[in-house]
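Everything below concerns the one structure shown next.
Taken together, the values in this text are just the output of simple stated rules run on the coordinates, not laboratory data. Just so you know, these numbers come straight off a predicted model, no measurement behind them. Here Cβ is always computed from backbone atoms with ideal geometry, including for glycine, and neighbour counts include all displayed protein chains.
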2 protein chains.
Amino acid sequence: MGTRSGRVERLTADGELRADVIRVLLVHDACLVRSVLAEWLRREPDLGVYDTTWRGAPGRVRSVRPDVCAVDLDCADSHGVPPLADVCGRGAGSLTAPRLLVLAHANRPGLLKRAAEAGALGYVDKEGSPERLVSGIRRVAEGERFVDDSLGFGFLKAAEMPLTRRELSVLSLAAGGASVAEIAGSLHLSHGTVRNYMSAITRKTGARNRIDAIRISQGEGWV
Amino acid sequence: MGTRSGRVERLTADGELRADVIRVLLVHDACLVRSVLAEWLRREPDLGVYDTTWRGAPGRVRSVRPDVCAVDLDCADSHGVPPLADVCGRGAGSLTAPRLLVLAHANRPGLLKRAAEAGALGYVDKEGSPERLVSGIRRVAEGERFVDDSLGFGFLKAAEMPLTRRELSVLSLAAGGASVAEIAGSLHLSHGTVRNYMSAITRKTGARNRIDAIRISQGEGWV
């Protein structure tokens, strides 16, 4: 994959990455795309690039100690919500957590919101050009914010998210196939309360029914 | 993006693509990844690479007349089923339809099955190395079959798909948020028959309930 050849010039005489090189951990679930993207980033002489799946990310954060985690917000687990907290912040179990840059879609405001809550500094639109990813990584490495304008509508929709935290919990369990009784059991609620939450969710999302509410919410990345 | 410089040596003195160059149309919905992947493919001197979204694919097939369409089976429309017939075969409205190569996941047997039905010759695992994509394109351009071994389990599951065509139609409409009455209306069935289909679907997919059946079936790419 040209990994080593690309990295040689970034090493000191002792074989360490030069201090002025930005250590980047690229997190993306599909190996084929991740390899090509990582190789593309390695052409930049100021970047030292490592790559991993979401599943492998927490371990690699500890071993690589990246300056920047550049993560794809789409996670291969079906309707998966990426475990952002495990990669950055408290979950990473490090005093110097890496700075977070996300690759996002404007039409999945729920994921943008999660990234903002996880403290992401960089937001690169997957509909944009790959050069934006490089610019974003450099900016975020400096501790600065980097946001693609084209994601603005997504942030607007994220700000307008109609569901409460409790409603989101109910909806997530329902989307996972849990029955009313199972949802009631795991959230310590009565069956009637769960049904009331489901009605409120259906109404607030503008859905036709419960299945439609799940479909809409998953499409936007809320659950 | 280095597009033009990479393509010059592939042109004849008249500015046409040399006849021995394989014309490849890369179809992938996320611009950032598509650009990097296309640029990566353009390093191969025997490939002439064009790229487009799924939405733009039918038009580009007509204008570019590719030898090979290399398509990502994941489509950005939420739970979208890629419109394979529009890209290859009858839908493309051409006497010489391009040969089809798909980028697939073993855990989405429904999409593998659709690709096989659309007459795809090449099946490259997204969990594999990008070099396989290049090998696959060359093989498929010769009219030969190319299948990654690691997709075998996906094909096995595709062969075992438990639902009938009619059950899949019912499930697709339900997954889109349609009510029993709406499904009955659009498929010219009675409400009771739709309910019977939904029960059969839930049982056959090993689901706990209707929502779970949709979740399982979408995860595997059946609907």
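Here are the numbers:
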{"item": "Value of Rg to Rh for the stretch B:118-223 (Rh from inverse mean 1/r over Cα pairs, i.e. Kirkwood)", "result": "1.13"}
{"item": "Ranked list, fewest to most other Cβ atoms within 10 Å of each Cβ, for B:C69, B:C31, B:C75", "result": "B:C31, B:C75, B:C69"}
{"item": "For B:G143, label point 7 Å along C-beta direction: distances to other copies, nm", "result": "6.5"}
{"item": "Equivalent ellipsoid, chain B (semi-axes from 5 times Cα gyration tensor eigenvalues, Å)", "result": "38, 17, 14"}
{"item": "Dimensionless Rg over Rh [the stretch A:11-143; C-alpha; Kirkwood]", "result": "0.94"}
{"item": "The stretch A:165-220 - Debye-derived log10 I(q)/I(0), Cα point model, q = 0.25, 0.30 Å⁻¹", "result": "-0.96, -1.31"}
{"item": "Cβ-based net charge around A:V140, under 11 Å, with every Lys or Arg adding one and every Asp or Glu removing one", "result": "+1"}
{"item": "Relative contact order [Cα under 8 Å, 6+ residues apart], the stretch B:135-203, whole percent", "result": "23 percent"}
{"item": "Which of B:F153, A:F146 has the fewest Cβ neighbours within 10 Å, and the rest in rising order", "result": "B:F153, A:F146"}
{"item": "Neighbourhood net charge (11 Å Cβ-Cβ; Lys/Arg +1, Asp/Glu -1) for B:I22", "result": "+1"}
{"item": "Equivalent ellipsoid, the protein assembly as shown (semi-axes from 5 times Cα gyration tensor eigenvalues, Å)", "result": "37, 32, 18"}
{"item": "Shortest-first nm distances, A:N209 label point to equivalent points in other copies (7 Å, Cα→Cβ)", "result": "1.3"}
{"item": "Chain lengthening between B:L156 and B:R62 when straightened (0.36 nm per residue, less Cα-Cα)", "result": "30.4 nm"}
{"item": "Trypsin sites (Lys or Arg not before Pro), loop per DSSP, at most 14 other Cβ atoms within 10 Å - longest free stretch of chain B", "result": "B:56-144"}
{"item": "Net charge, A:E182 excluded, C-beta distance under 11 Å - Lys, Arg +1, Asp, Glu -1", "result": "0"}
{"item": "Per-copy distances of the A:P162 label point, shortest first, in nm (7 angstrom along Cα→Cβ)", "result": "3.5"}
{"item": "Average Cα contact separation per residue, the stretch B:3-158, under 8 Å, 6 or more apart, as relative contact order %", "result": "19 percent"}
